[in-house]
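The values are calculated or read from the model by the stated rules, or taken from the named source; none is laboratory data. From a predicted model like this one, the values you see are computed outputs, not experimental measurements. Every residue, glycine as well, gets a Cβ built from its backbone with ideal geometry; the counts of neighbours run over all protein chains shown. Ligands, DNA and RNA are stripped out before the accessible areas are found, and what is left, the full protein with its side chains, is counted by its heavy atoms. Shrake-Rupley method; radii C 1.70, N 1.55, O 1.52, S 1.80 Å.
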Amino acid sequence: MTHEIAVIPGDGIGKEVTPAAVDVLEALEIDFEFVEADAGDSLKEATGEALPQETYDLAASADATLFGAAGETAADVILPLRDAVDSFVNIRPAKAYPGIDAVRPETDLVFLRENTEGVYAGHEDRLTEDVATLTRVVTESASAELGEFACEYVSESDDHDGFTIVHKANVMRETDGVFRDTIKSVADENGVETDEVLMDAFATRVCLEPEQFDVIACPNLAGDVLSDLAAGLVGGLGLLPSANVGSERGLFEPVHGTAPDIAGEGVANPAATIISAAMMLEFLGYDEQAHAVHEAVEATLEEGPRTPDLGGDASTDDVTDAIIERL
Ligand code: GGG
């Protein structure tokens, strides 16, 4: 059975790391049909539109989407694309790999980020020259969906005892109150253990003792920020993949953005995007191939070659070729 894979590189280093991940997928000789589409800052400059309807429609109909990076047009590109695949959760693993000089080598976390609402729901207004407002939306239904997913996620593997709910309900009593209480009651109904930590305290504690945490369910913005923070503990953003999962489709992308400081130089670390592609393989049921990609990436991170962000001098292509050779 052929799977149609939408490939949307986006901007900056997205144009370099996304083809690298496609090269790895092609080397697996699975029956994939790759269909490329454009979106992002450079497209907006050229056409006035950051996300054409045909790109949205492609993501909404393909079996899975591989996305690169969004820049200034992130709100016009990546948020609608997550909507196109009906994604309610963004899974962001952050783990330290052997051989990589990590600030906290004991880090092994998985962020389950609510993916549809919070302050990313898009309700911003400029009321006057002096006043801008933002409406934060949190619903019981989206929180329950995340809670149910978190329960399934931790129950599927013996590696997890439960999960941590990160929130700021002592200040945002209504919105994060709904988030925390709904997830807690879903977990209780499912017999899954939870604990809870205020998001500011979590930021400190995860830096000092990341081994205290495992799976973390968090609101949209907190998940975006705290997973980037965790990237700093494990060796940088070049190592963090993500999966935007819906009930039928998924969109897979590195956590990093466009990295304009190195874009066009051919030295971006492709690991995060290639691990995201491995998450896509798992989502589509290609467990064996996914495992092979994870192993090949881990061996390459440990033994090299490495890109400059990890202290090496290899190019994106060198690292990609080394991963393909190890498959
Ligand atoms: N590949 C991830 C990406 O493009 N990140 C840029 C960004 O601003 N993302 C916002 C988000 O992940 O919600």
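Is it true that some residue in region 251-258 is away from the ligand (no atom under 13 Å from the Cβ) and not assigned by the TED database to the domain that holds M172?
Step one: filter region 251-258 for residues away from the ligand (no atom under 13 Å from the Cβ), giving none.
The answer is no; no qualifying residue exists.
Just give me the residues in region 276-300 being part of a helix (DSSP H, G or I) and open to solvent by 10 Å² or more (accessible area, probe 1.4 Å), in sequence order. Explain how you work it out, then say what you get.
First, the residues of region 276-300 that are part of a helix (DSSP H, G or I): 276-283, 287-300.
Of everything in region 276-300, those that are part of a helix (DSSP H, G or I) and open to solvent by 10 Å² or more (accessible area, probe 1.4 Å) turn out to be M279, E282, F283, D287, E288, Q289, H291, A292, H294, E295, E298, A299.
Given the options A94, A169, A150, A144, name the one that is in a loop (DSSP other than H, G, I, E, B) and modelled with pLDDT of 95 or more.
Checking each option against the conditions leaves just A169.
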- Query: Using beta carbons and a limit of 8 Å, which pairs, at least six apart or on different chains, have the first residue in region 241-259 and in a loop (DSSP other than H, G, I, E, B) and the second one among the basic types (K, R)?
  - Reply: V255/R92
- Query: Any chance region 245-259 includes a residue that's farther than 19 Å from N115 by Cα and open to solvent by 10 Å² or more (accessible area, probe 1.4 Å)?
  - Reply: yes
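Report yes if some residue within region 210-223 is away from the ligand (no atom under 15 Å from the Cβ), surrounded by fewer than 24 Cβ atoms within 10 Å (Cβ to Cβ) and of a type in the set (V, I, T); otherwise report no.
Checked against the condition, which is being away from the ligand (no atom under 15 Å from the Cβ), surrounded by fewer than 24 Cβ atoms within 10 Å (Cβ to Cβ) and of a type in the set (V, I, T), region 210-223 yields at least one hit.
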- Message: I'd like to check something: does region 74-96 contain any residue that is more than 15 Å from the ligand (Cβ to nearest atom), surrounded by 17 or more Cβ atoms within 10 Å (Cβ to Cβ), over 21 Å from A278 (Cβ atoms) and not acidic (D, E)?
- Response: no
- Task: Within region 138-150, identify whether any single residue is surrounded by fewer than 19 Cβ atoms within 10 Å (Cβ to Cβ), among the acidic types (D, E) and in the same structural domain as M279 (by the TED database), and answer yes or no.
- Result: no
- How many of the residues making up region 172-199 are in a strand (DSSP E or B) and either open to solvent by less than 40 Å² (accessible area, probe 1.4 Å) or of a type in the set (A, V, I, L, M, F, W, C) (or both)? 3
